[in-house]
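This report concerns only the one structure given below.
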Amino acid sequence: MIEQKQDNLDTEKNIDDGSPKFGRLLIVLLFAVAVIVAITFATEAYYGV
């Protein structure tokens with residue numbers, strides 16, 4: 001039963017390898033990090049610690 005699930009996962013992987021989704025996820029994650037860095041610098045400049 002577990003082997004059958006693994007076969008199904010392999011078949012789905014062959015149909016859609018997910019590369020575009022992975023690239024889009026990477027871009028979103030980099031954007032989120034950039035926003036956090038921008039907020040960090042903005043608060044540092046505002047509070048002037």
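On full extension of the chain, what length is gained from ALA32 through TYR47, given 0.36 nm per residue of separation minus the C-alpha to C-alpha distance? The partial results should precede the final answer.
On the way: separation 15, 0.36 × 15 = 5.40 nm, distance 2.25 nm.
Working it through step by step, the gained length comes to 3.2 nm.
Stretching THR40 away from PHE22 to a fully extended chain increases their span by 3.8 nm, per 0.36 nm per residue minus the current alpha-carbon distance.
Readers should treat all values here as calculations from the given coordinates under stated rules, not as data from a laboratory. From a predicted model like this one, the values you see are computed outputs, not experimental measurements.
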